[in-house]
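Below: the structure, in structure tokens.
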Amino acid sequence: MITSTVDDGTETGGKWYPEGVIPGLNRAGEDAGGTRYVAVQRFPVPDLEQGQEIAYARLRIAGRGADMPREMTLLVRGISADGDAEFSSEHLPSQRPLTANTVSWTLHQPMKHGG
């Protein structure tokens with residue numbers, strides 16, 4: 001089980017927030033003004049060799065209050081790069097090469113603040 005949050009954060013507006021836009025909270029989605037927030041969690045798998053595939057993984061996401069008046073689709077995609085260079089505003093997750101494979105699911109249940 002991987003439980004490290006060392007390299008987690010939020011990317012928005014070309015900047016990296018290692019503690020989240022609000023410290024301790026990684027935000028995902030868009031706000032009312034259309035600003036896009038990308039929550040990033042890194043799950044290092046040091047013994048995965050080039051060309052190997054991950055056959056099974058489980059991701060548990062806990063909500064800490066949200067305002068989601070309509071459905072939201074979560075997309076999980078890997079970074080296809082060797083090494084573990086830290087994320088920063090100069091080295092954003094969105095600037096790294098991504099894997100072709102993705103996993104997505106859609107949340108349909110509307111949520112309100114404090115949910």
**OP:** Can you check what the net charge comes to around E19, using other residues whose Cβ is under 12 Å from the Cβ of E19 (Lys, Arg +1; Asp, Glu -1)?
**Re:** -1
**OP:** Note the full-extension length gain between A28 and L75 as 0.36 nm times their separation in residues minus their Cα-Cα distance, in nm to one decimal.
**Re:** 15.9 nm
Subject >> Förster radius 22 Å - calculated FRET efficiency between T102 and V6 (Cβ-Cβ, nearest 0.05) >> reply: 0.40
**OP:** Give the ranking of R96, R27 by solvent-accessible surface, highest area first, calculated with a 1.4 Å probe.
**Re:** R27, R96
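The values are calculated or read from the model by the stated rules, or taken from the named source; none is laboratory data. On a predicted model such as this, the values are computed, not experimentally measured, just so you know. Note: ideal-geometry Cβ built from the backbone for every residue, glycine included; neighbour counts use all protein chains shown. The area values use the complete protein model at the heavy-atom level, side chains included, leaving out ligands, DNA and RNA. Shrake-Rupley method; radii C 1.70, N 1.55, O 1.52, S 1.80 Å.
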